[in-house]
Amino acid sequence: MSLASKSGRIAFRNARLIDPASGLDARGGLLVENGRIADVGPRLFNDAEPSDPEVIECRGLVLAPGLIDMRVFTGEPGSEHRETLESASHAAAAGGVTTIVTMPNTDPVIDEPSLVDFIRRRAAATAKVRVAPTAALTKGLGGEQMTEIGLLQEAGAVAFTDGDRTIANARVMRRSLAYANTFGALVVGHAEDPDLTAGASITEGEYAMRLGLPAGPAAAEAIVVERDIRLVELTGARYHFSQISTGASLDIIAAAKQRGVPVTCGVAAHHLALNELDVGSYYTFRKVKPPLRSEADRAAMVEGVASGIIDVIVSSHDPQAADTKRQPFAAAAFGAVGLETLLPVALGLVHDGRASLSHVLATLTAVPAKILGLRAGTLAKGAAADLVLIDPDDSFAVHHADLRSRAQNTPFEGRHFHGRAAKTFVGGECVFDRKAMR
Amino acid sequence: MTSAAPAETILKSSHLLGIEQLSVPEITALLDLAETYVALNRGADKKTATLRGRTLINLFFEASTRTQSSFELAGKRLGADVMNMSVKTSSVSKGETLIDTATTLNAMRPDLLVVRHQDSGAAELLSRKLDCCVINAGDGSHEHPTQALLDALTIRRRRGAFQGLVVAICGDVLHSRVARSNIHLLLKMGARVRLIAPRTLLPADADRFGVEIFHDMKKGLQGVDIVMMLRLQLERMSGAFVPSTREYFHFYGLDHEKLKLAKPGAFVMHPGPMNRGVEIDSAVADDIEVSLIQEQVEMGVAIRMAVLDALSRGLAKEGRNAP
């Protein structure tokens, strides 16, 4: 299946090159040599093709850095029936994602240097895309004792987070931020007050009332966002809100950024495309954490991406087996798969005229790379040839049986999108080719 | 016994509550006086009559082996009657307040009271309620002046002077009275002080002492003349301040590899008791070429004799009148 030529050289011709890191958006070519970008530019291969390499005629399709998804849950280790690193990597490759940042919410929890090492070794042996593991911020995700951030960082953890759990105790959070800052480590937070949202399965409001479901207020998010920003101001730590979902949170973060607080934030693709009404008739595939919010909040998220206050878009990919989703709504598991719909949802903002293609791709490439400190997300010469060839007008409907993910709990079943990955390359090697799959 | 020299006044205050209140001449005079006791303590007859007839009470609300025995020995060598009171045997454990204890002790007419207490400011409080000289042997996370003085004596005997010396204080500065007293003393005497610790073990605004702050020990140790290690309490190593002993030792434990980054000939100090393999490697602690830890203990007795001697000079010859 690999398109890499024997010489290790691949020439991309007639592509619309978009490199958000440098602001490049132009017709041109790109040369890959030995897994790295050897040359790139508007005039490359216009007249003469290089003699020996494999040539990929792009016919004006978008060639961009491979996407970096900052929030991916897998089931490895511990619940491989949900997802393995390998199966997640297939879904990622099909979604144009070349780096997945894995969450530590596994069994056992990734809170030991040896477990970070395990993830990296398993990824190297089985995954088709790059895996950047995060480690837990507190031992066993217990929210009480901080983990060995220094040793975990040396083992290769790119950030520290309790995944979908909020550290309830502000003193623990403060000390964890201070300790992380000792090592310049990035802390990634989840903002949902655990007491206000205990038992809740949907956002509080009229619709929750009509459905008769236990609900948590949207303010449960803003309260934690404000708290954590104050703690970041005390400790100076590098802090990223994994995903926000309310306009109130957005306002708080905008004000903090204005004050120069070193915080960034993400939004899950489903919070850009769905609102609380999409829960419909107890549709458990749309039970996510934090829950789908009001239409005003959804619109605020789109506006946040457009204005740049929201830094990154993530899939919040969370595979769940059918048995945990085929349950009454309140009893069903949280989570939705998203690796293969991340790019289509994001491109929706471009088609709707809300943001430029380059801006949207920045939230998926250069910006997450910068936040994580990864040498990725760029078309710069010398960078690893992690690339995605995007057909922005490829029209399709999501069908769960087409998903590469081991679990198929997509919240977008039947939904039509325009634009998705045509080919994906990691280190110059083709890891996904839509034509070849058909 | 040594002949009684004309006793000049050394300390302005009748108490030793902290280093912060001391002047450079006072510190220098105490160190000079302590030198005479080092010589005395190395002789066969270690006893003087300087404090004959005086009563010294060691009042320890926190367990301490070396400080208490050091003061006890110092008092006895100077000829004082020494009584040890520890919290387990006192009525404090029966609910008596610190002021009640002070009043009771005052009625026993001690001349010198050495006090250690878990609360910052406790020695100061006692000094206001008692008629005798109060010596702070450690109050909470505030000061431990005799430790800083004995450290200073140890350094001065090895290096001659403080001016221009670079001293790194490493570890749990947040909870350490030893660190605070040493910072005051070293800065007063002209040394440069660096604090090396993870951010969770440094108080907010620690730089306001006028010290340099390092979170990376390997950077902080470069060019250092003296490395002072602090003890890390075990209960602080399980996730609240530091995640584990192995992580702490990896980044902040002093071993020969990290010590190599300090100035050649740098010395290592520790106030004790040590956690081997946590803040200090045994190979460093037991290396007689670099470790001054045993010497610190010896200087401790001499310094405490000097402090008791100096304070007793302010005591009235006739004793106090009855109330």
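Restricting region A:141-184 to residues that are of a type in the set (Asp, Glu) and not in a helix (DSSP H, G or I), which is farthest from the other protein chains (Cβ to nearest Cβ)?
The first filter runs over region A:141-184 and keeps only residues of a type in the set (Asp, Glu), leaving A:144, A:148, A:154, A:162, A:164.
Among the residues that remain, those that are also not in a helix (DSSP H, G or I) are: A:144, A:148, A:162, A:164.
Working: A:144: 7, A:148: 4, A:162: 13, A:164: 21 Å.
Result: A:164.
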Exercise for the section: Select from region A:142-157 the residues that are surrounded by fewer than 23 Cβ atoms within 10 Å (Cβ to Cβ), within 27 Å of residue A:90 (Cβ to Cβ) and of a type in the set (A, V, I, L, M, F, W, C) and list them in ascending order. Expected result: A:155
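Criterion first (within 14 Å of chain B (Cβ to nearest Cβ) and touching a helix residue (DSSP H, G or I) at 6+ places or on another chain (Cβ under 8 Å)) does residue A:237 satisfy it?
Working: within 14 Å of chain B (Cβ to nearest Cβ): yes; touching a helix residue (DSSP H, G or I) at 6+ places or on another chain (Cβ under 8 Å): yes.
Here the answer is yes, as residue A:237 does meet what is asked.
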Practice task
Inspect region A:427-436 for any residue being part of a helix (DSSP H, G or I) and either charged (D, E, K, R) or at pLDDT 95 or above (or both) and give the result as yes or no.
Solution key: yes
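Could you say whether any residue in region B:25-32 is in a loop (DSSP other than H, G, I, E, B) and either among the aromatic types (Phe, Trp, Tyr) or surrounded by 15 or more Cβ atoms within 10 Å (Cβ to Cβ) (or both)?
So the first thing to find is which residues in region B:25-32 are in a loop (DSSP other than H, G, I, E, B), and the list is none.
Checking region B:25-32: not a single residue is in a loop (DSSP other than H, G, I, E, B) and either among the aromatic types (Phe, Trp, Tyr) or surrounded by 15 or more Cβ atoms within 10 Å (Cβ to Cβ) (or both).
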Fill in the blank from the handout: The condition of being in a loop (DSSP other than H, G, I, E, B) and without any contact (Cβ under 8 Å) to a residue 60 or more places away in the chain holds, among A:296, A:300, A:333, A:306, only for A:333
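Please indicate, with yes or no, whether at least one residue in region B:314-321 is more than 30 Å from residue A:160 (Cα to Cα), in contact with a Cys (Cβ under 8 Å, 6 or more places away or on another chain), surrounded by 15 or more Cβ atoms within 10 Å (Cβ to Cβ) and modelled with pLDDT of 95 or more.
So in region B:314-321, the residues more than 30 Å from residue A:160 (Cα to Cα) come out as B:314-321.
Filter again for in contact with a Cys (Cβ under 8 Å, 6 or more places away or on another chain), leaving B:314-315.
So of that shortlist, the ones also surrounded by 15 or more Cβ atoms within 10 Å (Cβ to Cβ) come out as B:314-315.
If we keep only those that are modelled with pLDDT of 95 or more too, we end up with none.
No, region B:314-321 contains no residue that is more than 30 Å from residue A:160 (Cα to Cα), in contact with a Cys (Cβ under 8 Å, 6 or more places away or on another chain), surrounded by 15 or more Cβ atoms within 10 Å (Cβ to Cβ) and modelled with pLDDT of 95 or more.
Going by the conditions given, is residue B:130 in contact with a strand residue (DSSP E or B) (Cβ under 8 Å, 6 or more places away or on another chain), within 22 Å of residue B:81 (Cα to Cα) and surrounded by fewer than 24 Cβ atoms within 10 Å (Cβ to Cβ)?
Details: in contact with a strand residue (DSSP E or B) (Cβ under 8 Å, 6 or more places away or on another chain): yes; within 22 Å of residue B:81 (Cα to Cα): yes; surrounded by fewer than 24 Cβ atoms within 10 Å (Cβ to Cβ): yes.
Judged against the criteria, residue B:130 is a match.
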Fill in the blank from the handout: Picking from A:60, A:66, A:75, the residue that is crowded, with 22+ Cβ neighbours inside 10 Å and more than 24 Å from residue A:147 (Cα to Cα) would be A:66
Exercise for the section: Counting only residues that are surrounded by 21 or more Cβ atoms within 10 Å (Cβ to Cβ) and away from chain A (no Cβ under 14 Å), give me the strands (runs of 3 or more DSSP E) lying completely in region B:166-265 with at least 3 of them. Expected result: B:166-170, B:226-229
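Report yes if residue A:277 is surrounded by fewer than 17 Cβ atoms within 10 Å (Cβ to Cβ) and within 14 Å of another protein chain (Cβ to nearest Cβ), otherwise no.
Values: surrounded by fewer than 17 Cβ atoms within 10 Å (Cβ to Cβ): yes; within 14 Å of another protein chain (Cβ to nearest Cβ): no.
Criteria not met by residue A:277.
The values are calculated or read from the model by the stated rules, or taken from the named source; none is laboratory data. Computed from a predicted model, the values in this text were never measured in an experiment. Every residue, glycine as well, gets a Cβ built from its backbone with ideal geometry; the counts of neighbours run over all protein chains shown.
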